[in-house]
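Comments concern the structure below.
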Amino acid sequence: EAGVAQSPRYKIIEKRQSVAFWCNPISGHATLYWYQQILGQGPKLLIQFQNNGVVDDSQLPKDRFSAERLKGVDSTLKIQPAKLEDSAVYLCASSLEGTPRVEQFFGPGTRLTVL
Amino acid sequence: AQKVTQAQTEISVVEKEDVTLDCVYETRDTTYYLFWYKQPPSGELVFLIRRNSFDEQNEISGRYSWNFQKSTSSFNFTITASQVVDSAVYFCALSEAEGGSQGNLIFGKGTKLSVKP
């Protein structure tokens with residue numbers, strides 16, 4: 001079974017530039033999560049999708065971050081414009097359903113460096 | 001408010017030593033889940049265990065064991081006879097089972113374990 005795929009693996013940009021990350025969840029997984037992991041900290045949820053609808057985006061900085069999951073499969077996370085404090089690893093995870101009773105499977109992450 | 005505290009930032013042991021990673025959580029929910037994940041240098045989070053709030057039975061899986069105590073709001077993780085391959089950052093996480101944001105994992109800051117040969 002293929003795991004959660006993410007691209008790119010690494011990205012370096014200058015502040016005020018734009019960047020986009022892509023995530024392909026495990027086939028059949030209805031729930032998709034984007035987490036932000038700043039160096040030395042645990043991951044923090046940015047947004048949770050159930051199929052193509054948003055369940056929770058309360059911690060997404062909506063003035064600069066946006067995410068979509070068209071057709072309820074792949075998802076993209078965009079930052080525009082980027083700030084220095086956005087430097088982090090962005091992790092995508094998926095699960096069969098949006099409850100803690102099932103395991104979340106994580107992708108390898110995209111490491112973003114903002115200069 | 002939900003919170004997970006992993007007071008140990010870094011632990012270093014010599015191979016074959018036993019090591020316990022501490023996790024203390026806060027939640028107002030009566031139904032919740034606790035997790036441990038391993039993050040090796042490659043960066044991918046690897047699921048280790050899930051425990052629901054109604055199951056306080058301790059669990060053992062090979063060299064790994066978990067001690068869940070609701071009375072002290074703790075969910076500690078012990079590695080017996082540690083090996084170099086156990087070197088990683090370990091995260092404890094909490095998730096509520098009620099409400100609209102089910103599945104959202106609240107992570108601690110992690111404990112970096114270094115096992116030296």
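Which count do you get for residues in segment A:30-64 that are in contact (Cβ under 8 Å) with a residue 60 or more places away in the chain, closer than 16 Å to A:Lys78 by Cα and more than 10 Å from every other protein chain (Cβ to nearest Cβ)?
1
Only one residue in B:Asp22, B:Asp29, B:Asp18 is more than 30 Å from A:Gln6 (Cβ to Cβ), surrounded by 12 or more Cβ atoms within 10 Å (Cβ to Cβ) and within 12 Å of chain A (Cβ to nearest Cβ), so which one is that?
On the way: B:Asp22 fails: within 12 Å of chain A (Cβ to nearest Cβ); B:Asp18 fails: within 12 Å of chain A (Cβ to nearest Cβ).
After applying the criteria, what remains is B:Asp29.
Among the residues of segment A:104-113, are any touching a residue at least 60 places away in the same chain (Cβ under 8 Å), open to solvent by 30 Å² or more (accessible area, probe 1.4 Å) and of a type in the set (Val, Ile, Thr)?
yes
Among the candidates A:Lys15, A:Lys44, single out the residue that is open to solvent by 10 Å² or more (accessible area, probe 1.4 Å) and either touching a Lys or Arg at 6+ places or on another chain (Cβ under 7 Å) or under 14 Å from A:Ala67 (Cα atoms) (or both).
Values: A:Lys44 fails: either touching a Lys or Arg at 6+ places or on another chain (Cβ under 7 Å) or under 14 Å from A:Ala67 (Cα atoms) (or both).
Result of the check over A:Lys15, A:Lys44: A:Lys15.
In the list A:Ala93, A:Ala67, which residue meets the criterion of being away from every other protein chain (no Cβ under 11 Å) and either of a type in the set (Gly, Ala, Ser) or touching a residue at least 12 places away in the same chain (Cβ under 8 Å) (or both)?
Details: A:Ala93 fails: away from every other protein chain (no Cβ under 11 Å).
Matching residue, one of A:Ala93, A:Ala67: A:Ala67.
With the structure loaded, tell me whether A:Ser27 is out of contact with any Lys or Arg (no Cβ under 9 Å at 6 or more places or on another chain), within 11 Å of chain B (Cβ to nearest Cβ) and open to solvent by 50 Å² or more (accessible area, probe 1.4 Å) or whether it fails that test. It would help to see each step written out before you state the result.
Details: out of contact with any Lys or Arg (no Cβ under 9 Å at 6 or more places or on another chain): yes; within 11 Å of chain B (Cβ to nearest Cβ): no; open to solvent by 50 Å² or more (accessible area, probe 1.4 Å): yes.
So A:Ser27 fails the test.
Taking the residues in segment B:64-117 that are out of contact with any strand residue (DSSP E or B) (no Cβ under 7 Å at 6 or more places or on another chain) and closer than 20 Å to B:Ala1 by Cβ as candidates, determine which candidate is least open to solvent (accessible area, probe 1.4 Å).
Among them, the one singled out is B:Gly99.
Which condition number does A:Val73 fail, the rest of (1) open to solvent by less than 20 Å² (accessible area, probe 1.4 Å); (2) more than 10 Å from every other protein chain (Cβ to nearest Cβ) being met?
(1)
The values are calculated or read from the model by the stated rules, or taken from the named source; none is laboratory data. The structure displayed is predicted, hence computed values, not measured ones. As a convention, Cβ positions derive from the backbone with ideal geometry for all residues, glycine included, and neighbour counts pool all protein chains shown. Note: accessible area is taken over every heavy atom of the protein model, side chains too, but ligands, DNA and RNA are not part of it. Shrake-Rupley method; radii C 1.70, N 1.55, O 1.52, S 1.80 Å.
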